[in-house]
1. May I ask you to list the trypsin sites (Lys or Arg not before Pro) in region 49-117 that are in a DSSP loop and have at most 16 other Cβ atoms within 10 Å of their Cβ?
2. If you take the beta carbon distance between Asp182 and Ala295 as r and set R0 to 45 Å, what does 1/(1 + (r/R0)^6) give as a FRET efficiency, to the nearest 0.05?
3. As an exercise, find the ratio Rg/Rh for region 167-217 from alpha-carbon atoms, using the Kirkwood inverse-distance average for Rh.
4. Ignoring everything except DSSP H segments at least 4 long, calculate the 222 nm mean residue ellipticity for the chain; use -39,500 (n - 2.57) per segment, divide by total residues, nearest 500.
5. Where the only charges are on Cβ atoms (+1 Lys, Arg; -1 Asp, Glu), what is the dipole of the chain about its Cα centre, to the nearest 20 debye?
6. For Ile92, Ile338, Ile214, Ile44, which order do you get if you count the other beta carbons within 10 Å of each Cβ and list the fewest first?
7. Considering the Cα positions of region 7-128, please state its Rg to one decimal place and its Dmax as a whole number of Å.
8. Ala86: net charge of surrounding residues, Cβ under 14 Å, Lys/Arg +1, Asp/Glu -1, itself excluded?
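Values in this text are rule-based calculations from the coordinates and carry no lab data. What you see is a predicted model, and the numbers here were worked out from it, not measured in a lab. Quick reminder, even Gly has a Cβ in these numbers, built from the backbone with ideal geometry, and neighbours come from all protein chains shown.
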Amino acid sequence: MAMKPPLGIGILGAGVIAGDDDGFLPNIGQLEGTIHVPAIADVIRAKADDLAQRFSIPSSYGSLEELLEDPRVDAVANLTPISEHAETSLAILQAGKHLISEKPIATTLEDAGAIIQAAQERDLAVVCAPPDALYRQYLTARKMIDAGDIGKVAFARVRSSHAGPGGAADGWPGDPSWYYTDGSGPLYDMGVYGIHEITALLGPARRVSAFGGITEPERTVRGNGPFAGTVMPVTTPDNYLFMLDFGEATFAVVDATYNVHASMAPKVEVFGRRGAMAIYHRDENPLEVYRQDLAPGVDGWMAAEDLLEAKNVREIALHRAMLFEHLAECLSQGLHPITDAEHARHALEVMLAVRESSRTGRAVELTTTFSGSGS
Ligand SMILES: NC(=O)c1ccc[n+]([C@@H]2O[C@H](COP(=O)([O-])OP(=O)(O)OC[C@H]3O[C@@H](n4cnc5c(N)ncnc54)[C@H](O)[C@@H]3O)[C@@H](O)[C@H]2O)c1
C-alpha cells in the first residue's frame with residue numbers, strides 16, 4: 001500500500017470537529033507537502049461550502065458519492081455523527097479510498113468487523129480516532145512498560161471524564177441535550193479516550209465489570225451561550241465506573257462520567273512491581289516515572305532529561321490532524337497504523353461490555369484483540 005506524498009484527503013462532514021481549533025482543518029498547515037485537502041462534502045451543502053471557503057479547499061460537494069468520484073481524493077476523513085459512521089465508512093472503502101474514522105468506529109461489532117474486512121480485501125489503510133496512542137508520552141510509556149522499567153503492572157487508574165457538555169462555567173456553543181440521551185453519554189463521548197489510552201499501554205483487555213447510573217434526572221446548561229438555562233433530561237447513564245481485567249492479575253479502573261468538575265490527578269497512572277508512572281496531557285513533563293533502585297538502594301522519580309523523548313511536540317502542533325500525518329506516514333512507508341481499526345473495534349467491544357455489565361451486574365468476557373504494532 002506504499003504511496004507517494006502528498007496524500008489527497010477528502011473531508012466528509014463539515015461540522016464542529018472538522019473546523020474546531022483542536023480539530024482537523026485549522027491544523028493542517030504544517031502538513032503541507034505531506035497531505036492536501038482537495039474537497040469537502042456534507043449533506044448540508046452550505047456547511048461544506050462554508051468550510052471550503054474558510055480553509056481554501058478547492059471543491060465542495062453535497063454528498064459522499066460526489067466526493068468519492070473526485071480523482072484527487074486518495075483517502076476520506078469520516079467526520080460524520082456516530083450513527084452514520086458504519087454505512088459511510090464502508091462506502092468509502094468500497095470506493096477504494098483509505099479511511100480516517102472519527103470515534104467510535106461503528107456502533108456494533110458486526111459493522112466494525114465489516115469495515116476491517118472491506119479494508120483488508122482491498123489492501124486499504126484505516127486510521128481511527130482518538131489519536132492519543134500516537135502521543136509521545138504513550139509511545140514512551142509503552143516502551144518502558146514493555147522493557148520492564150516499572151516491573152509487572154499490577155493496576156492502572158484512568159481519568160476519562162469532565163463535567164459534561166454545558167456543565168462548565170463557559171456553557172456550550174450549541175445545544176448539548178443529545179449528549180445526555182441514548183447513543184451518547186459519557187461512555188461514548190469520553191470513556192472512549194481512556195479505553196484507547198490504557199489498552200495502548202497494556203494491550204487488549206479480557207474482561208469488563210462495570211457500574212452505571214443516572215446521577216440526576218435533569219441538568220441545566222450553564223454559561224451565557226445561546227442555550228444557557230436549557231433544561232436537559234438525562235435519559236442515559238451519565239456516571240460509569242468500570243474495571244478492566246488484562247489477565248495475570250493486571251487490572252485498570254476507568255471513569256466515564258459527566259461528574260468531574262475538577263481533578264488534580266494525572267490522566268493515567270500505572271503501578272508496577274518496581275515502580276509507577278503518571279501520564280498527563282500537558283506540554284511540560286507529560287510523563288513522570290518513579291523507579292525502584294534508581295540509584296543503588298534509592299527509589300525515586302526519574303529526571304525529566306531521561307524522558308525527553310516523551311515531549312509531546314506533534315500533539316501540540318497538530319491536535320487531531322495527527323491522524324492525517326499518521327495515515328500519510330503509514331502509506332509512504334508501508335507501515336500498518338498504530339491507531340488501527342482492530343484497536344478501535346476492541347475499544348467498541350469494551351464500551352458495549354460496560355453497558356451490559358452495568359445492566360446485568362455480571363462481568364463480561366471480551367473476544368476481540370489487536371496488536372497496534374505500527375510496523
Ligand atoms: N465535537 C467534538 O468536540 C468532537 C470531538 C472529538 C470527536 N468528535 C467526533 O467527530 C464526529 C463528528 O462530530 P461533530 O461534533 O463534528 O458533529 P457535527 O454534528 O458538528 O458535524 C457532523 C456533520 O456531518 C454532516 N453529516 C451527517 N451525515 C452525513 C452524511 N451521511 N454524509 C455527509 N455529511 C453528513 C452533518 O450535516 C454535520 O455537518 C463524531 O464522530 C464525534 O464523535 C467530535
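1. Those that pass, being in a loop and sparsely packed, are Arg72.
2. That pair, Asp182 with Ala295, gives E of 0.25.
3. Result for region 167-217 is an Rg/Rh of 1.06.
4. After summing the helix terms and dividing by the residues of the chain, the value is -8000 deg cm²/dmol.
5. That gives the chain a dipole magnitude of about 660 debye.
6. Taking fewest neighbouring Cβ atoms as first place, the list is Ile44, Ile214, Ile338, Ile92.
7. When restricted to Cα atoms, region 7-128 yields Rg and Dmax of 13.4, 38 Å.
8. -3
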